[in-house]
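Reviewing the structure listed below.
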Amino acid sequence: QVQLVESGGGLVQAGGSLSLSCAASGSIFSINTMGWYRQAPGKQRDLVARITSGGITNYADSVKGRFTISRDNAKNTVYLQMNGLKFEDTAVYYCQADYRQYSWSRWRDAWGQGTQVTVSS
C-alpha cells in the first residue's frame with residue numbers, strides 16, 4: 001500500500017504565492033511520473049503539472065510561467081511552487097503518482113487526499 005500525503009494549501013490573496021508538497025510512503029519499488037491535479041467545485045479534475053523521474057515536466061497552459069513543479073526522488077516527494085496566484089486557481093489540489101511496489105509489479109496509480117487552495121480576489 002502506498003500513501004501520498006499533501007501539505008501546504010491555504011488561503012492567499014491574488015498575486016500571492018503558495019508552495020505545496022506531497023510525500024509518498026509505503027511499499028514502493030519505483031515511482032515514474034508524479035503530478036498535481038486540481039478540481040474546482042462543479043468541475044472535473046484537471047492536470048496542473050507533472051514531472052517524470054528524469055525531470056521532464058509539462059504544465060497546463062493556464063499555469064505556465066507561474067507554477068513550477070519539482071521533485072526529490074530520494075525522498076519520493078513532489079513539490080509545486082505557485083506564484084502569481086489568481087482567483088481561478090482556487091481548487092482542491094491533488095497529488096498523483098505512478099508507482100510499482102515490486103520490480104515485477106504492474107504500474108499502479110496513487111492519489112493524495114487533496115489540499116484546499118483558496119485565492120481571494
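The values are calculated or read from the model by the stated rules, or taken from the named source; none is laboratory data. These numbers come from a predicted model, not from an experiment. Cβ coordinates were reconstructed from backbone atoms using ideal geometry, including for glycine residues, and neighbour counts include every protein chain displayed. Surface areas here come from the heavy atoms of the whole protein model, side chains and all, with no ligands, DNA or RNA. Shrake-Rupley method; radii C 1.70, N 1.55, O 1.52, S 1.80 Å.
Summary of values
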{"read-out": "Subset of segment 15-34 [buried (at least 20 other Cβ atoms within 10 Å of the Cβ) and not in a strand (DSSP E or B)]", "value": "none"}
{"read-out": "Residue in segment 64-80 that is under 17 Å from Asp109 (Cβ atoms), open to solvent by less than 50 Å² (accessible area, probe 1.4 Å) and in contact (Cβ under 8 Å) with a residue 40 or more places away in the chain present", "value": "yes"}
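So that you can scan it fast, the table gives a plain yes or no per residue for (1) of a type in the set (Phe, Trp, Tyr); (2) open to solvent by 40 Å² or more (accessible area, probe 1.4 Å); (3) at pLDDT below 95; (4) on the phi < 0 side of the Ramachandran plot:
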site: Thr57; (1), (2), (3), (4): no, yes, no, yes
site: Ser62; (1), (2), (3), (4): no, yes, no, yes
site: Thr90; (1), (2), (3), (4): no, no, no, yes
site: Gln96; (1), (2), (3), (4): no, no, no, yes
site: Gly114; (1), (2), (3), (4): no, no, no, no
